[in-house]
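**Q** Mind looking over this structure? Questions follow.
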Amino acid sequence: MALIIKYIVACLVRYWLIHTDYWQTIANRVEIATPLNSWKRLIEGVHLYDNGINPYEGDSFHESPIMLILFHFLLKKVPYLLPVIFVVLDALTAHILYKASKVFIQIFKESQERGKADVVEESKNMLLNESQLNEVPYYVLSVYLFNPYSVLNCVGMTTTVVQNLLLAVSLWAASSGQRVMACVFIALATHQALYPILLVVPISILVANVNQGCNKCSYIRTLLGFVLCWGFCIFISAYIMDGSYDYFYNTYGFILSVPDLKPNIGLFWYFFTEMFEHFRLLFVCAFQINALALYVVPLTLRFHKEPVLLATVLIALSTIFRSYPCIGDVGFYLALLPLWKHLFSFMQQKFIVACTFIITSALGPTVWHLWIYSGSANANFFFGVTLFFATAQIFLITDMLFAHIKRDFTLKNGSSRQINGKPAKLVLR
């Protein structure tokens, strides 16, 4: 009954905000809408397509053709139901995350049971009991349903709502050992936003672990399934556009080359506004390598036994370093953090991170107003806020990873840190 009340309250809050006078303001906020996910741009693209004009010939539409044809159908058939559809999709995302977290907890239980033999006696009280583990899915659900970032993302009717649903289903399918479903949905998410391609690695590990097939063949089958599904999405998109692959530049090319420098909560726009043009290609490559490839191998090598943690971290890092992030992306990975609430006691910077999140979330709209409307500030003010916001997220991720390592070390070696009878300090190198 409590769960149903949560869903109803969360849905009513979203539906009410969509129908307030502030909806237009929320939908156009730079923290919520980007050139990739904006509802206004989606409407414009559908209008162009409906009038026989290729929406990819200009610079206004950057969604995938699959999303274009989907919303073209919805706007033609049931335009009055669109607010309800967005609310239902967001509630469905929360429910799937709830189901996925239940499976993740079961995986964690099994992992804890297997590792009990390596736990020293003085650290056995740190092992999580049944009640502690069973309450985690409720926290995951609550954080997604009532997180202001997730709520505003849904109210703004951004296509990130659809992307979050695709990511949630792919994680749930992978944790349940459903290889085909996981490949289909991660391919759809990649086709929409490109950066979810990073999740192929933890999903491959999850599927292999669940199906008791931790071997190269299992990984290859998952990778091959993903490539085939992604290729099929590309083919279907070309078919929608009458056999033309010209949409590539305004979708993947737009994400990778970052031509639109409208301010957002990311790091790209300010650097490339200030950048000399002849250095642009070098720094675009550096930034995109950082976002798409730099962390996958080292993190996989270190956390391959914890694919759920690996997936959480990769989602967070891709959110921080992607070219056009929004608060809907942040809200999604924040909903996964309760899975690791047993690490909170080992985290040293959680208070600083929480305060920075709150302060930057309040300061962002303030300095934007001072810059754009009052004329009493400049771009440096807004970028300073977004830079602190990104730094807080990086601190959060690194602190969580270090906490996991400290907890693992404490379980195996005990809580006393002494060398030759003298107190010692655990340092991450």
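The values are calculated or read from the model by the stated rules, or taken from the named source; none is laboratory data. Since this is a predicted model, take the numbers as computed values, not measurements. Methodologically, a virtual Cβ is constructed for each residue, glycine included, from the backbone with ideal geometry; neighbour enumeration extends over all protein chains shown. Each accessible area value is taken on the protein alone, full model and side chains, heavy atoms only, with ligands, DNA and RNA left out. Shrake-Rupley method; radii C 1.70, N 1.55, O 1.52, S 1.80 Å.
**Q** Return the only residue of Asp90, Asp118 being open to solvent by 50 Å² or more (accessible area, probe 1.4 Å), touching a residue at least 12 places away in the same chain (Cβ under 8 Å) and either of a type in the set (S, T, N, Q) or more than 21 Å from Asn211 (Cα to Cα) (or both). Step through it out loud before you land on a result.
**A** Working: Asp90 fails: open to solvent by 50 Å² or more (accessible area, probe 1.4 Å).
Checking each option against the conditions leaves just Asp118.
**Q** Something else about it: Is there any pair with a first residue in the range 280-293 that is under 13 Å from Pro259 (Cβ atoms) and a second that is open to solvent by less than 50 Å² (accessible area, probe 1.4 Å) and not hydroxyl-bearing (Ser, Thr, Tyr) whose Cβ atoms are under 8 Å apart and which are 6 or more apart or on different chains, and what are they?
**A** Arg280/Phe272; Val284/Val258; Val284/Phe272
**Q** If the Cβ limit is 8 Å and pairs must be 6+ apart or interchain, which residue in the range 344-367 that is hydrophobic (A, V, I, L, M, F, W, C) pairs with which residue that is open to solvent by 70 Å² or more (accessible area, probe 1.4 Å)?
**A** Taking only residues 6 or more apart or on different chains, the pairs are Phe344/Lys350; Ile352/Phe395; Val353/Phe395; Ile359/Phe388; Val367/Phe381.
**Q** Of the residues that make up the range 177-188, is at least one buried (at least 24 other Cβ atoms within 10 Å of the Cβ), at negative phi, β-branched (Val, Ile, Thr) and part of a helix (DSSP H, G or I)?
**A** Within the range 177-188, one or more residues are buried (at least 24 other Cβ atoms within 10 Å of the Cβ), at negative phi, β-branched (Val, Ile, Thr) and part of a helix (DSSP H, G or I).
**Q** Any chance you could count how many residues in the range 121-152 are open to solvent by less than 40 Å² (accessible area, probe 1.4 Å) and not in a helix (DSSP H, G or I)? Write out each step before concluding.
**A** First, the residues of the range 121-152 that are open to solvent by less than 40 Å² (accessible area, probe 1.4 Å): 123, 127-128, 133, 136-137, 140-142, 144-145, 147, 149-151.
Subset that is not in a helix (DSSP H, G or I): 127-128, 147.
Here the count works out to 3.
**Q** Report yes if some residue within the range 24-44 is over 22 Å from the mean Cα position of the chain (by Cα), farther than 17 Å from Val161 by Cα and in a loop (DSSP other than H, G, I, E, B); otherwise report no.
**A** For the range 24-44, residues over 22 Å from the mean Cα position of the chain (by Cα), farther than 17 Å from Val161 by Cα and in a loop (DSSP other than H, G, I, E, B): absent.
**Q** Condition (residue is over 24 Å from Val330 (Cβ atoms) and of a type outside the set (Ser, Thr, Tyr)) applied to the range 83-97: is it met by at least one residue? If you could, list the steps in order and put the result at the bottom.
**A** Here is the first cut: in the range 83-97, the ones over 24 Å from Val330 (Cβ atoms) are 84.
Next, only the ones that are of a type outside the set (Ser, Thr, Tyr) stay: 84.
Yes - at least one qualifying residue is present in the range 83-97.
**Q** Continuing with the same structure: Does Leu301 meet the test of being hydrophobic (A, V, I, L, M, F, W, C), outside any helix (DSSP H, G or I) and exposed (fewer than 15 other Cβ atoms within 10 Å of the Cβ)? Steps first, please.
**A** Details: hydrophobic (A, V, I, L, M, F, W, C): yes; outside any helix (DSSP H, G or I): no; exposed (fewer than 15 other Cβ atoms within 10 Å of the Cβ): yes.
So Leu301 does not fit the description; no.
**Q** Here is a further query. Looking at Glu63, Glu31, which is the one that is open to solvent by less than 60 Å² (accessible area, probe 1.4 Å), among the acidic types (Asp, Glu), touching a Gly at 6+ places or on another chain (Cβ under 8 Å) and farther than 30 Å from Ser175 by Cα?
**A** Working: Glu63 fails: farther than 30 Å from Ser175 by Cα.
The unique qualifying residue is Glu31.
**Q** Quick check, is Asn209 part of a loop (DSSP other than H, G, I, E, B) and crowded, with 19+ Cβ neighbours inside 10 Å? Explain how you work it out, then say what you get.
**A** On the way: part of a loop (DSSP other than H, G, I, E, B): no; crowded, with 19+ Cβ neighbours inside 10 Å: yes.
Spelling it out, it is not the case that Asn209 is part of a loop (DSSP other than H, G, I, E, B) and crowded, with 19+ Cβ neighbours inside 10 Å.
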